[in-house]
Amino acid sequence: MAKKIILTGGGSAGHVTPNLALIPGLKEQGYDIAYIGTVDGIENKLLADFDVRYYGIAAGKLRRYFDPKNFSDPFRVLKGYRQAKKILKQERPDVIFSKGGFVSVPVIHAASRYKIPCILHESDLTPGLANKLCVGKAKKICCNFPETMDYLPKDKTVLTGSPIREELRQGNAEAGRQFCGFTDKKPVVMVLGGSLGASSINDAVRGILEQLLQEFNVVHICGDDKMDNLKLTMSGYAQFEYVKNELKDLFALADVVVSRAGANAICELLALKIPNVLIPLSAKNSRGDQILNAQSFKNQGFSEVIQDEDLDEDVLFEEIHAVYQNRDRYISKMEGSGQPDAVASVLKLISETVG
């Protein structure tokens, strides 16, 4: 009888893509795989290319601040818990792997009710609220940063890194060059604004485009509805709202990446050994996790960091130029990081948990 696993996690791509990275290896090992996500979240869309059963449940966000939805969302969590219990009773999985997000909370608590072992993965340096609510129910907890070990139970926590899709390692730089329409061999700066786009980064990059294009070609993934039509004809500048299949080729082409500091994004940069400039989301617009993620990467010698409130065109140009000039130093640090093969590490934990 096939071993059965349920993956869960959702609310953003960062709570889904590490799960996707595990699916090929799980299938190779003979697992029957199902996924529990939200009814209308991004996870169902991202799973469309995978042959995996999908269940959508209700999920309520647990906020640390006042919001009228704080009165209704607990009922959504309870509904999600009842739905998760029904799914688990039907599926009877051997193990659950959770990437976090609020949809995971009712799933993990329902699994505890049925004594199904659970493995959590915490991407950020400090645990998010959803994972905090599930730590007591988990058998093992995976993490990305050495510092995270100080925030979680020592006997449960394993430094695995973040699973990244194997296809990202298989890019072709020349294919990326052709996709962008670049006709010369200038080094390439790749700018990632995130799926929603980061206006501060987009504006700063476009403000120094003329300077950058004297030395670099620039590929700019700017987010939905964030294209600048006035710059569509600039030679050496390729902009896209979103890239899916060609992303691996763009990573292979890039000499320097400018990015937000979401945990999964920067773990991909580490795995691919791409020197980078990180511009974390400010504490005004987040719980500050990206600031801590970025600082850890800077301390380890993998990245340079510009705080969002300090971002201006001159600073960004100087940092991009400096990182490119010293790229061998950053690559050497990343090669010596000692980070394990995250997919192999997590699959091993799953196998040991199932027994």
Residue-wise, which Karplus ³J(HN,Hα) couplings in Hz belong to the range 3-17, taking 6.51 cos²θ - 1.76 cosθ + 1.60, θ = phi - 60°, and x for glycine or proline? 5, 10, 10, 10, 9, 9, x, x, x, 8, 4, x, 8, 10, 4
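From the square roots a ≥ b ≥ c of the eigenvalues of the alpha-carbon gyration tensor of the range 167-335, which class results: rounded (a/c under 1.5), prolate (a/b over b/c), or oblate?
Cα axes put the range 167-335 in the rounded bin.
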Under the Karplus relation with 6.51, -1.76 and 1.60 and θ = phi - 60°, whole-Hz ³J(HN,Hα) for the range 144-153, x at Gly and Pro, equal 9, 10, x, 5, 5, 4, 6, 9, 10, x
Other-chain or far-sequence residues with amide H under 5 Å of TYR54's (modelled H): TYR35
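Let me check against my output: what whole-number percent is the relative contact order of the range 167-335, with C-alpha pairs under 8 Å and at least 6 apart? All intermediate terms of the calculation are to be shown ahead of the outcome.
Values: 305 pairs, mean separation 40.6, N = 169.
The normalised contact order for the range 167-335 reaches 24 percent.
For the chain, rounded, prolate or oblate, judged on the Cα gyration tensor with a ≥ b ≥ c (square roots of eigenvalues), a/c < 1.5 rounded, else prolate if a/b > b/c?
Working: a/c = 1.84, a/b = 1.72, b/c = 1.07.
Here the chain falls in the prolate category.
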Ranked from highest to lowest mean number of other Cβ atoms within 10 Å per residue, what is the order of the peptides 5-12, 258-265? 5-12, 258-265
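Please state the shape class of the range 256-355: rounded when a/c is under 1.5, otherwise prolate if a/b exceeds b/c and oblate if not, all from the C-alpha gyration tensor. Don't skip to the answer; put the middle values down first.
Details: a/c = 3.29, a/b = 1.57, b/c = 2.09.
Cα axes put the range 256-355 in the oblate bin.
List the GluC sites (Glu not before Pro) within the range 222-278 that fall in a DSSP loop (any state other than H, G, I, E or B) and whose Cβ has at most 16 other Cβ atoms within 10 Å.
Details: sites: GLU241, GLU246, GLU268; in loops: GLU241, GLU246.
Within the range 222-278, the qualifying GluC sites (Glu not before Pro) (loop, at most 16 other Cβ atoms within 10 Å) are GLU241.
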State, as an integer percentage, the relative contact order of the chain based on alpha-carbon contacts under 8 Å between residues 6 or more apart. 15
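Go ahead and estimate [θ] at 222 nm for the chain from helices alone: -39,500 (n - 2.57) per DSSP H run with n ≥ 4, summed, over the residue count, rounded to 500.
Details: 14 runs with 137 residues, N = 355.
-11000 deg cm²/dmol, from helical runs alone.
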Highest-first arrangement of 14-20, 293-299, where packing means the average Cβ count within 10 Å: 14-20, 293-299
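Take peptides 94-107, 270-283 and line them up by average Cβ neighbours within 10 Å, highest first, as a rough protection proxy. Working shown, then result.
Numbers: 94-107: 27.4, 270-283: 21.9.
The packing order, highest mean first, is 94-107, 270-283.
Coordinate-derived values only; no laboratory data. The structure presented is a predicted model; accordingly, all values stated were derived computationally and were not measured. All Cβ positions, even for glycine, are placed from backbone atoms using ideal geometry, and neighbour counts span all protein chains on display.
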